[in-house]
Amino acid sequence: MRTLLDLVLPVACAGCGTVGVGWCADCAAALTLGPVRVWPRADPGVPCWALGRYAGPGRRAVLAAKEHGRRDLAAPLGVALAGGLARLRTRDRALVLIPAPSRAAAARRRGGDPVVRAALAAARSLPDSRVVPLMRMWWGVRDSVGLTPRERQHNLGGRIGAAPCRGGAVGISANADVVLVDDVLTTGATASESVRVLAGIGVSVCAVLVVCAA
Ligand SMILES: [Zn+2]
C-alpha cells in the first residue's frame, strides 16, 4: 500500500513537510543537540537522557513512525540515537541496547515495532554494539493516552516482562553498558518497570535514552 501511495503522493519530510525527502538535514540537525538529562516523575533509578523535547520535528517523526507506518524513519531515528549513545557510552565497553516494550497489538498494527527498528539502525552505526529485544508487554495493557501517572503505573503492573532466552541465559556481559531505548519518555512508568524487571533477571541497566521527553 505504501509503495502504491508513493507513486501518487510525493514523499515529504516527517519533521517539517519539505517535499522530496523523507527526513531533511534541518530536522536531522534538530536531533543532534542532546542528549539532555531528564527527570521523569516515575524515577527508573538510572540516568535518563533525551535527544530533545516532545515537540517539533522529533515529536512529528516519532508519531509518523509509530502511528502512520513511516518505516523509512527507522534509519534516521537510529542514526540520531546512535549520536546520543556515542556520547553516553563508556569507552572500550560493549554496548547493549534493549528496546522498551510496546503493546503487542499496537506493534502488530503498525507493522512491527518502530523502537526495535530504530535501535537496530542505531546498533548498525556503532562499533561493538547490539540489540537484545528482551522486553515484552502482555495483553491487557490499555493504551496509556489520557491516563494519569498513577493509572499508568497500575496499567503496567505485572504486565511488562522479559522474554525467556535460549538456555535461560540472557547472554549480556556484566562489562557491557546496557541502555534501555524508547521513542518517548512521559511519566517514566514504562522505563521504571522495565529497569526493575531487567534487574530481576540480572541485567543492570545503566541509562535510559529516548528520542523525545515529554
Ligand atoms: Zn524536515
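Here, each number is a calculation from the coordinates, and none is a lab measurement. It should be emphasised that the depicted structure is a prediction, and the values quoted were computed from it without experimental measurement. Cβ placement follows ideal geometry from the backbone for every residue including glycine, while neighbour counts extend to all protein chains displayed.
Could you list which residues have their amide H under 5 Å from that of R53, counting only those 5 or more apart in sequence or on another chain, with H placed in the peptide plane?
A213
V38's amide H: which non-local residues (gap 5+, or another chain) put their own amide H closer than 5 Å, with H modeled 1.01 Å from N in plane and none for Pro or chain starts?
It is C48, W49, A50, by chain and number.
Obtain the nm distance between the two label points defined at A55 and D43 by a simple spin-label model: each point lies 7 Å from its Cα along the Cα-to-C-beta direction.
2.6
Which whole-number percent is the relative contact order of region 27-81 (Cα, under 8 Å, 6+ apart)?
34
Starting from the Cα of A12, move 7 Å in the Cα-to-Cβ direction to define the label point; list residues of region 65-90 whose amide nitrogen is under 17 Å from there.
Counting backbone N atoms under 17 Å from the label point, the list is 65-73.
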